[in-house]
Amino acid sequence: AKLPDGAMVDATLTADSPYEAADESKNGETGGLVNVNLKGNVTSEFTLKFSEKIKNFFLTFLDVDSPKYGNEYLQIDTSSYLKYFISSYKDVIVADDGSVTQVSSRESAFLENNPKSKSSLTWKDLSRSVTFYFRDATDTVKFTYLGDKALEGRNFLLTGETALPCSK
């Protein structure tokens, strides 16, 4: 992972609960984005572990959108970050009740709408994202993903800072 100061740190994403990909070939990193593919209608807990404690960094979750049936939910504990950023063109709803829950609010209009690289993110990509700012030093970020009633496989993507917090 590349930090805002340009330094590099190793990061590992692991599933803490049962996890199964709908299409394993979609998992991996490309263009500065990490894609995670899951079977539909599952709940999976994840841990993002850094090789050392880091501070003052951003973590962005992209492509949280609705399938034809169901919703996607992303939950992260509020004690782990200082602030979150969402687009004013938000396709997500954020409720703050002990954890921030990013809920897709619109059905994905495209079969293949996942961004391909961090450098080519569009306003539509950012409207399906949430960025978290972590001020205090940490080496672990835990989050939960739920593809509620989704009949097909789902994807979410991870990256660092995007234009979203810069536009606020």
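The values are calculated or read from the model by the stated rules, or taken from the named source; none is laboratory data. Treat the numbers as computed from the prediction; the structure is a model and nothing was measured. Glycine gets a Cβ as well: all are built from the backbone with ideal geometry, and neighbour counts include every protein chain shown. Quick note on the areas: whole protein, heavy atoms, side chains included, nothing else; ligands and nucleic acids left out. Shrake-Rupley method; radii C 1.70, N 1.55, O 1.52, S 1.80 Å.
A few points about this structure:
- Test for Gly6: is it free of Cβ contacts under 8 Å to residues at least 12 places away in the same chain and on the phi > 0 side of the Ramachandran plot: yes
- Yes/no for Val64 being of a type in the set (A, V, I, L, M), under 17 Å from Leu157 (Cβ atoms), in a strand (DSSP E or B) and touching a strand residue (DSSP E or B) at 6+ places or on another chain (Cβ under 6 Å): no
- Selection from the stretch 1-59 of residues that are of a type in the set (Lys, Arg) and assigned to a loop (DSSP other than H, G, I, E, B): Lys39, Lys55
- Top-ranked residue of the stretch 9-65 - restricted to ones that are within 19 Å of Ser129 (Cα to Cα) and without any contact (Cβ under 8 Å) to a residue 24 or more places away in the chain, ranked as surrounded by the most Cβ atoms within 10 Å (Cβ to Cβ): Asn27
- Candidate set from the stretch 121-142 (those that are open to solvent by less than 30 Å² (accessible area, probe 1.4 Å) and either without any contact (Cβ under 8 Å) to a residue 24 or more places away in the chain or in a loop (DSSP other than H, G, I, E, B) (or both)); member that is nearest to Phe58 (Cα to Cα): Ser129
- Trp123 satisfies every condition listed in (1) modelled with pLDDT of 70 or more; (2) touching a strand residue (DSSP E or B) at 6+ places or on another chain (Cβ under 9 Å); (3) of a type outside the set (Val, Ile, Thr) except (2).
- If you go through the stretch 143-164 and keep only what is assigned to a strand (DSSP E or B) and modelled with pLDDT of 85 or more, you end up with Phe143, Thr144, Tyr145, Phe156, Leu157, Leu158, Thr159.
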